[in-house]
1. Taking 7 Å along the Cα-to-C-beta vector as the label spot, tell me the A89-N70 distance in nanometres, rounded to one decimal.
2. Would you mind checking the tilt of helix 39-50 against the longest principal axis of the Cα atoms of the chain, expressed as 0 to 90 degrees and rounded to 10?
3. Charges at C-beta only: +1 for Lys and Arg, -1 for Asp and Glu. How large is the resulting dipole of the range 3-87 about its Cα centre, in Debye rounded to 20?
4. Counting only pairs 8 or more residues apart or on different chains, how many lysine pairs in the range 3-87 have their Cα atoms under 30 Å apart?
5. Which of the GluC sites (Glu not before Pro) across the range 17-86 are loop residues per DSSP, with 13 or fewer other Cβ within 10 Å?
6. What number, in percent, do you get for the relative contact order of the range 42-99 if the mean sequence gap of Cα pairs under 8 Å and at least 6 apart is divided by its residue count?
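Just so it is clear, none of the values below were taken in a lab; they were calculated from the coordinates. Predicted model, so just to flag it, every value in this text is computed and none were measured. In this analysis, Cβ positions are derived from the backbone assuming ideal geometry, glycine residues included, and neighbour counts consider all displayed protein chains.
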Amino acid sequence: MTPERMYTVILGPHVSEKTTILGEENNQYTFRVAMDATKPEIKAAVEEIFEVAVEDLQVLNVKGKTKRTNRGKIRRRSNWKKAYVRLEAGHEIDLADVG
């Protein structure tokens, strides 16, 4: 995989209360990824960019929310994809250092 593709596969970390708990308890991190990314691409990109060993990977599609504007018009946010990445013991990612 080319370096350009690696950086387009991983769009950024997804930080929420749930993902923070998963990170502390299970050494698991969550990333927003490209809609056309596959599991092998995501695994290779995480291992190469963060220099860690991936133990397990789960990917899911998140449906965009339907929102109503103040004038009553209905809008829909874009669908997106996220990946839960579990690292092997002894490896960790410092998300505060990620630029």
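1. Distance between the two pseudo-spin positions: 5.6 nm.
2. The answer is roughly 60 degrees.
3. On the way: 17 positive and 11 negative charges, 264 e Å.
Its charge dipole is roughly 1260 debye.
4. 25
5. When the GluC sites (Glu not before Pro) of the range 17-86 are filtered for loop state and at most 13 Cβ neighbours within 10 Å, E51 remain.
6. Numbers: 71 pairs, mean separation 21.5, N = 58.
About 37 percent, as a whole number.
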